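The values are calculated or read from the model by the stated rules, or taken from the named source; none is laboratory data. None of the values given here were measured: they were computed from a predicted structure. FYI the Cβ positions are ideal-geometry reconstructions off the backbone, even for glycines, and counts take in every protein chain you see.
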Amino acid sequence: MITTINKETILVVAEHFQGDVRPATYELVQAAETIQQIRPGPIQILILGQDVEALANLLAETTGKDVLGISAPQLSHYNGQVFTEALVDLLSGAPPAYVCVAHSSRGSDFAPGLAARLKGTCITAVNAIFACEEGICFSRDLFGGKVTAEMVSSASTTVLTIAPGSYPPSSGSHLKRRGRGGVQHKKISVKEKKSKTLSIKLFQTSDVDLSDALVIVSAGRGIGDAQNLERIYALAALIPQSVVCGSRPVIDLGWMPYDRQVGVTGATVSPALYLACGISGAAQHISGMKGSGFIVAINSDPTAAIFNQSDICIVEDLDVFIPALIDAITTRR
Amino acid sequence: MNILVCVKQVPEPETEAHIDPSGQWVKMGGGSNLRMNRFDECAVEAAVQIKERHAGTTVHIISVGPASSDAIIRRAIGMGADQGTHIVASADGFVDPSTIAYWMSRCPAAREADLIFCGTMSEDLMQGQVGPLLADRLSLPCASAVVRVDLQLKDEQVQVEREVEGGYREVVALKLPALLTIQTGINQPRYPSLSNLLRANQLSLDTRQADEMEEVSSLQKVLRMMPPRKLRDGRILKGSTTEKAEQLVTILANRSYLS
C-alpha cells in the first residue's frame with residue numbers, strides 16, 4: 001500500500017525510546033480514532049528515528065494502521081530542530097488536518113514550532129476530544145486543574161499534544177483485530193544547522209520501585225516546610241508497605257530525591273491507596289497517580305483540584321491534621 | 001552578551017478561580033495574590049547567574065500582561081536584571097500564545113538578544129507554547145525543559161541538558177542566538193536585594209500597548225470554561241480535626257490498609 005498524507009489525514013507521530021514504542025503512542029492512536037469518528041479522515045502513523053523499520057512494522061501489526069517509517073542518521077537522538085525540519089519537509093506540501101503528538105518532554109518540545117511552520121495552530125495537554133456545535137472541541141485543564149477550557153481550532157492544520165493517561169492504551173488487543181496496516185519506509189537526510197543533540201544520559205537511577213508500592217504517602221508544596229516531612233515519614237511508618245513520594249515542587253526544592261517524584265516528569269504509580277498530603281492536583285501530578293485504587297486528599301485549600309480526583313476529601317491544615325492522624329492510628333492499635 | 005528573559009504574572013495557586021459571566025474566562029477570587037510564574041523565576045535566576053560569571057552581560061526582562069505585571073518586571077530587576085519591557089495587555093480573556101510570541105518578537109530587546117530564556121510553562125494556563133513559538137518567530141534554535149545551562153562563548157554556543165521522562169537527560173548544543181525554556185529545579189531563585197529593588201523602582205520601563213501593535217490572526221479560541229470533571233466521588237469528611245482523623249482511620253482500617 002502506498003502511503004499518502006493529505007489535507008484530510010489525521011497524523012499520529014509515534015513516540016519511541018531506546019528501541020521500544022512508548023505506550024503514549026497507543027493513546028495517540030485512540031485520540032486519532034476519536035477525531036476520526038467526528039471528522040472522517042485516514043489515520044496515518046509516522047515514526048521517525050535513526051532506523052525505525054522494525055518499529056514501523058511492529059506498529060502496523062499492533063495498531064492495524066498505515067505506518068510511514070522515516071529513518072535518518074541525524075535522528076539517532078531526538079533533536080527538536082532536526083525533528084521539526086524532517087516533519088516540515090514531509091508535511092508542508094499537503095499539511096494534515098490533525099497531528100497527534102504525545103504531551104511528553106519531546107512532544108511538547110517540537111509541537112508548537114511544528115504548528116507554526118505548517119501555518120497551523122497548536123493546543124497542548126488535551127485530555128478529551130468531543131463533538132460540539134463548532135466542530136471538534138479539545139478540552140484542557142487550566143489554573144492547576146481548577147478550571148477546564150474547551151478549545152476550538154479554525155486552522156487547516158491543528159497540532160495536538162495529548163495528555164498522558166487521557167486515552168488509556170488498554171485496547172491494544174481490539175486494535176489488532178483489524179489486521180495489519182500498510183508499511184512504507186523512507187530514508188532521508190536532515191541538515192543539522194543550529195542545534196545538535198550530543199548524547200542522552202541517565203541522570204538518576206533509583207533504588208525504589210514505586211510501581212510495586214501498596215500504599216503511597218505523597219507530600220506536596222502544601223506541607224510548607226522541609227521539617228514537616230518528618231511527620232509524613234512518621235505517618236508512613238504506621239502504614240504497612242508504604243512509600244513516601246512527592247510532587248514536583250517538593251523535589252525541586254531538594255526535599256526528596258528525584259526518584260520519589262510522581263507525575264508527568266517523574267513516576268506513574270497506581271498503588272491501592274494514595275494519600276495526597278498538601279498536593280494541589282495540577283494536571284502534571286494527576287496523570288502520574290490517577291490510576292491509584294483509593295485516593296485520600298488532605299489540603300487546606302477547599303478548591304484544590306486534587307479533590308476532584310479523590311475518594312475521600314479532608315480540608316485541614318497539615319500541621320494540625322497529620323499529628324491528629326498519627327494519634328488516631330496509634331490509639332487504635 | 002544580551003540575555004532576554006520572558007516572565008509572566010500568575011495568581012497564587014491557592015486562589016479561587018470562578019468562571020466569569022461570559023463563560024469564556026475566569027475571574028480570580030477576592031484578594032488574589034499575584035506573583036511571578038515559578039518557572040520564570042528560575043529563568044531570571046539562570047540569566048543573573050550568567051551575568052555574574054560573564055562581565056558585560058545585560059539581562060533584559062519582558063512581560064505581556066495587565067498593568068499589575070509591572071511588579072514582577074521590577075522584582076526581576078531586583079534579582080539582578082538590568083532593564084525591562086512591558087507590553088500592556090488586558091488580562092480578561094484568552095490570548096493565543098502565538099499572538100504573545102508575535103508581540104514579544106516585535107520588541108528590539110528580542111531581536112538583539114543572544115540568548116532568550118522563558119519558563120517551560122506558566123502555572124496558570126500551562127500551555128508551554130510562548131517559548132517555542134517565539135523561537136520560531138525569530139528563527140532561533142530552541143530547547144525546552146532545560147535543567148542545566150553551560151555557556152560556551154568561544155564556540156558561540158550554549159550546551160544544555162533537557163529533562164526527559166524516566167530520569168534521563170538529553171545533552172544538546174545550540175548555536176547562539178538561541179532560546180531555552182527553563183524547567184524548575186534548575187536553581188533556587190534568589191530574593192531581590194534591597195539596593196536592586198530601589199534601583200528597579202526608579203527605572204522607567206519600555207512600556208508598549210498591545211492594542212497599538214499589529215494584530216495577528218488567531219487560529220484557536222476558548223469556546224467555554226467549565227468546572228473540572230469530578231472523576232471520583234469525593235466524600236468530604238466533616239467534624240473536628242480529631243473526628244476527621246478518626247473517621248479516616250476507620251475508613252483505612254476497613255479497607256485493611258492499616259494491618
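Table for the structure above
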{"item": "Test: residue in region B:72-92 that is surrounded by fewer than 21 Cβ atoms within 10 Å (Cβ to Cβ), over 29 Å from B:Gln202 (Cβ atoms) and either without any contact (Cβ under 8 Å) to a residue 12 or more places away in the chain or more than 16 Å from the chain's Cα centre (by Cα) (or both)", "result": "yes"}
{"item": "Test set (1) farther than 18 Å from A:Leu118 by Cβ; (2) surrounded by 16 or more Cβ atoms within 10 Å (Cβ to Cβ); (3) modelled with pLDDT under 95 - A:Val52 fails condition number", "result": "(3)"}
{"item": "Answer residue from region B:216-236, given it is in contact (Cβ under 8 Å) with a residue 40 or more places away in the chain and in a loop (DSSP other than H, G, I, E, B) and is nearest to the other protein chains (Cβ to nearest Cβ) among those", "result": "B:Leu219"}
{"item": "Qualifying residues in region A:1-24 (those that are touching a strand residue (DSSP E or B) at 6+ places or on another chain (Cβ under 7 Å) and more than 19 Å from A:Pro95 (Cα to Cα)) - the one modelled with the lowest pLDDT", "result": "A:Met1"}
{"item": "Subset of region A:86-140 that is over 19 Å from the mean Cα position of the chain (by Cα) and of a type in the set (D, E, K, R) - its residue that is farthest from the other protein chains (Cβ to nearest Cβ)", "result": "A:Asp89"}
{"item": "Flag if A:Ala328 is touching a Pro at 6+ places or on another chain (Cβ under 9 Å), among the hydrophobic types (A, V, I, L, M, F, W, C) and surrounded by 17 or more Cβ atoms within 10 Å (Cβ to Cβ)", "result": "no"}
{"item": "Tally of residues being closer than 19 Å to A:Pro271 by Cβ, surrounded by fewer than 20 Cβ atoms within 10 Å (Cβ to Cβ), within 11 Å of another protein chain (Cβ to nearest Cβ) and within 26 Å of the chain's Cα centre (by Cα) across region A:200-241", "result": "2"}
{"item": "Test: residue in region A:79-101 that is under 30 Å from A:Asp301 (Cβ atoms) and touching a Gly at 6+ places or on another chain (Cβ under 8 Å)", "result": "no"}
{"item": "Filter result for B:Ser139 (surrounded by fewer than 24 Cβ atoms within 10 Å (Cβ to Cβ) and free of Cβ contacts under 8 Å to residues at least 24 places away in the same chain)", "result": "yes"}
{"item": "A:Phe110 in contact with a Phe, Trp or Tyr (Cβ under 7 Å, 6 or more places away or on another chain) and not small (Gly, Ala, Ser)", "result": "yes"}
{"item": "Members of region A:59-83 found to be among the β-branched types (Val, Ile, Thr) and surrounded by fewer than 23 Cβ atoms within 10 Å (Cβ to Cβ), listed by number", "result": "A:Thr62, A:Ile70"}
{"item": "Which numbered condition B:Thr181 fails, given (1) out of contact with any Gly (no Cβ under 6 Å at 6 or more places or on another chain); (2) within 23 Å of A:Ile123 (Cβ to Cβ); (3) not in a loop (DSSP other than H, G, I, E, B)", "result": "(1)"}
{"item": "Failed item, numbered, when A:Thr268 is tested on (1) under 24 Å from B:Cys42 (Cβ atoms); (2) modelled with pLDDT under 90", "result": "(1)"}
{"item": "Test: A:Gly135 is more than 24 Å from A:His16 (Cα to Cα) and in contact with a Ser or Thr (Cβ under 6 Å, 6 or more places away or on another chain)", "result": "no"}
{"item": "Residue list for region B:137-176, filter: farther than 20 Å from B:Val44 by Cα, in contact with a strand residue (DSSP E or B) (Cβ under 7 Å, 6 or more places away or on another chain) and more than 7 Å from every other protein chain (Cβ to nearest Cβ)", "result": "B:Glu156"}
{"item": "Filter pass, B:Ser204 being more than 7 Å from chain A (Cβ to nearest Cβ), at pLDDT 95 or above and part of a loop (DSSP other than H, G, I, E, B)", "result": "yes"}
{"item": "Single residue of A:Asp301, A:Asp259, A:Asp252 found to be acidic (Asp, Glu), under 25 Å from B:Glu165 (Cα atoms) and touching a helix residue (DSSP H, G or I) at 6+ places or on another chain (Cβ under 8 Å)", "result": "A:Asp259"}
{"item": "2 or more residues within 7 Å of chain B (Cβ to nearest Cβ): qualifying strands (runs of 3 or more DSSP E) within region A:261-333", "result": "A:294-299, A:312-315"}
{"item": "Region B:107-136, subset more than 14 Å from chain A (Cβ to nearest Cβ) and surrounded by 22 or more Cβ atoms within 10 Å (Cβ to Cβ), residue farthest from the chain's Cα centre (by Cα)", "result": "B:Ala113"}
